[in-house]
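Read the structure below first, then the notes.
The values are calculated or read from the model by the stated rules, or taken from the named source; none is laboratory data. Every value quoted in this text rests on a predicted model; they were computed, and no experiment measured them. Cβ placement follows ideal geometry from the backbone for every residue including glycine, while neighbour counts extend to all protein chains displayed.
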Amino acid sequence: MRKPKLIRVYFDTEFTKFRSERDEPKLISIGCVAAGGQEFYAELTDTYQPSDCTDFVLKTVLPLLGNADAANGRHEDARMFESKLAYRLSEWVQGFGGEVEFVCDSPAYDWRFVEYLFTFYGWPANLKRNCGTIFFNSPNIQHRYDAAVYEYWKANAHLQHHALVDAQCMLFAVQQARSRCYE
């Protein structure tokens, strides 16, 4: 019997600040894109206030919220409460049927938000409980990945730090890095 294929979902989050001694960062948005192109995007309305944000977040991240161009116009109903995000994201993950692994380029920062959501609101049965990371054993493949990231942001710099666009960048770069790989 053949083992079902693992579905990788590349994701990114935007949050109020890095962890400090005084307080924890708060989730602002999350963007997910599966290797097959399926997307999920949400902006939180009840987890933070602008006063919780760093100057960088105020100037760079918050202006991208509600940006239909950044979300390719497909995520008009992206603004929601945290509880609705947990429900919708869980439903989206379960819709794949097979085992799902979330993958990102900064698990130390991004994974904690996914882990919190599902620990508090209920874990999808088909989602792995650890985060994958983008890593290549081959320096040549790593170089192709880095070059693809550079090219992507050269064309889309005005959208960098939009969670969905950042996730799309990861998927694009992984696909480009592996496209010439014959391993």
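Would you confirm, using the coordinates I've provided, whether Trp111 is under 13 Å from the mean Cα position of the chain (by Cα) and not aliphatic (A, V, I, L, M)? When the stated conditions are applied, Trp111 passes them.
Considering only the range 150-174, state which residues are surrounded by fewer than 16 Cβ atoms within 10 Å (Cβ to Cβ) and assigned to a helix (DSSP H, G or I). Spell out the reasoning first.
Step one: filter the range 150-174 for residues surrounded by fewer than 16 Cβ atoms within 10 Å (Cβ to Cβ), giving 150-151, 154-155, 157-158, 160.
Within the range 150-174, Tyr150, Glu151, Lys154, Ala155, Ala157, His158 qualify.
The one condition from (1) over 20 Å from Lys26 (Cβ atoms); (2) at pLDDT 95 or above; (3) in contact with a strand residue (DSSP E or B) (Cβ under 6 Å, 6 or more places away or on another chain) that Gly98 does not meet is (2).
Just one of the numbered conditions (1) basic (Lys, Arg); (2) part of a helix (DSSP H, G or I); (3) more than 23 Å from Val149 (Cβ to Cβ) is not true of Arg19: (2).
Within the range 26-46, restricting attention to residues that are part of a loop (DSSP other than H, G, I, E, B) and modelled with pLDDT of 95 or more, which residue is surrounded by the most Cβ atoms within 10 Å (Cβ to Cβ)? Out of the qualifying residues, it is Lys26.
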